[in-house]
Amino acid sequence: MTSSPVDRDSGSPLFSIVIPAHGRHELLVKTLTSVNDQSFRDFECIVVDDGSAKPVALQLSHRPAWLKLIRQTNTGPSGARNRGAATARGQFLVFLDSDDRLLSRALQSYADVVS
């Protein structure tokens, strides 16, 4: 018997959203707001602070349960994406940059395609 793409451990989310961040706090807040506004809720979000002068964690006034922050020395965007991907628990990865926005039904659309 073969499993469908969405068969997974119940403790892991379907999507892991990985966002490398280096400064640009105002843009990152808007990106995280678009993640928070998703109609599909089976996700985690991993922000990799790639050596920002002021740590991302200090700049966020609110940290929702779905958000995980990782801080590392600066390795550039690809190194930060790789670190986030290595930490991810989801079946599928969604990569965003700190200035990207997700439409509110983006993850639902992705889930519809993979199920």
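Values computed for the structure shown
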quantity: Identified option (computed Kirkwood radius over Cα pairs in Å; candidates (1) 14.1; (2) 14.5; (3) 15.3); calculated: (2)
quantity: Residue-averaged 222 nm ellipticity for the chain, from DSSP H runs of 4+ at -39500 (n - 2.57), nearest 500; calculated: -9000 deg cm²/dmol
quantity: Heavy-atom surface of the chain, accessible at 1.4 Å and reported per residue (Å²); calculated: 56
quantity: The range 24-115: relative contact order as a whole-number percent, Cα under 8 Å and 6+ apart; calculated: 44
quantity: Carbon/sulfur fraction of accessible area - the chain, other protein chains in place, 1.4 Å, %; calculated: 52
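The values are calculated or read from the model by the stated rules, or taken from the named source; none is laboratory data. Note that this is a predicted model, so its numbers are computed, not measured. To get the accessible areas, we keep the full protein, side chains included, count just its heavy atoms, and leave off ligands, DNA and RNA. Shrake-Rupley method; radii C 1.70, N 1.55, O 1.52, S 1.80 Å.
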